[in-house]
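The values are calculated or read from the model by the stated rules, or taken from the named source; none is laboratory data. The shown structure was predicted, so the numbers you read here are calculated from the model rather than taken from an experiment. A quick note on method: Cβ atoms are made from the backbone with ideal geometry, for glycine too, and the neighbour counts reach across all protein chains shown. These area figures cover heavy atoms from the full protein model, side chains too; ligands, DNA and RNA do not enter into them. Shrake-Rupley method; radii C 1.70, N 1.55, O 1.52, S 1.80 Å.
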Amino acid sequence: YLPAFSAAASSNNMPKIQKLFQETGKLQFRVLLLFLGGFIFLGKDFIQIWLGAGYERCFTLTSIILAGFLPDFMLSAGLPAAQALNKHGKRSVILLITSILAVLLEIFLSYRYDEYGCACAISIMLFLGYGIAVGIYYSKLGLGIKKYIPSFDEKYAGKILMINNSRDAFGVAHFLLG
């Protein structure tokens with residue numbers, strides 16, 4: 001997507017950049033949400049088959065961490081947009097600070113809650129770093145976050161709940177086909 005963002009940035013076409021950001025972000029989010037849904041539905045069985053008995057906690061821990069990546073999935077198209085605008089340096093600083101804070105929170109929570117505390121710390125910091133801090137930064141870049149995020153609420157909330165409740169191929173097919 002970088003060439004398309006670069007072409008729009010070179011002509012100072014912010015509406016085109018916003019449209020590309022929203023379209024590619026939603027497409028990437030849908031694909032990655034299917035991966036996450038597949039892992040949630042099939043992952044426990046897969047882990048039992050692949051690793052054997054005694055590794056059931058891996059599924060829970062991985063699910064907690066993957067849930068924290070949802071904001072990153074939603075905003076993943078922002079990186080090529082920021083690169084095209086030559087404004088990606090601050091994003092790197094935001095994520096560096098978030099990573100340092102994540103390690104500190106992991107140390108604190110792991111003493112009390114063991115591996116679950118560590119997984120929750122990672123998930124919390126992923127949400128705060130990618131979802132809140134990077135989302136605010138992308139908003140300041142003019143990527144149209146205020147229009148982008150509510151469109152997910154309206155469009156995907158019902159479909160996500162339907163898939164979670166149905167756990168069948170019909171729910172996944174309905175989500176894919178809209």
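Please work out if Ile40 is in a helix (DSSP H, G or I), of a type in the set (Val, Ile, Thr) and in contact with an Asp or Glu (Cβ under 9 Å, 6 or more places away or on another chain).
no
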(message) Take Gly54 and tell me if it is part of a loop (DSSP other than H, G, I, E, B) and out of contact with any Ser or Thr (no Cβ under 7 Å at 6 or more places or on another chain).
(response) yes
(request) Please indicate, with yes or no, whether at least one residue in segment 47-66 is within 30 Å of Leu20 (Cβ to Cβ), touching a residue at least 24 places away in the same chain (Cβ under 8 Å), open to solvent by less than 60 Å² (accessible area, probe 1.4 Å) and not polar (S, T, N, Q). (result) yes
(request) For segment 70-86, state whether one or more residues are at pLDDT 85 or above and surrounded by 15 or more Cβ atoms within 10 Å (Cβ to Cβ). (result) no
(message) Quick test of your reading of the structure: Tyr111 fulfils all but one of (1) open to solvent by 70 Å² or more (accessible area, probe 1.4 Å); (2) assigned to a loop (DSSP other than H, G, I, E, B); (3) touching a Gly at 6+ places or on another chain (Cβ under 8 Å). Name the failing condition by number.
(response) (2)
(request) Answer yes or no as to whether Ala77 is closer than 20 Å to Leu95 by Cα, among the hydrophobic types (A, V, I, L, M, F, W, C) and within 12 Å of the chain's Cα centre (by Cα). (result) yes
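Quick test for you: out of Ile17, Ile47, pick the one residue that is in a helix (DSSP H, G or I), farther than 20 Å from Ile122 by Cβ and more than 18 Å from the chain's Cα centre (by Cα).
Being in a helix (DSSP H, G or I), farther than 20 Å from Ile122 by Cβ and more than 18 Å from the chain's Cα centre (by Cα) holds for just one of Ile17, Ile47, which is Ile17.
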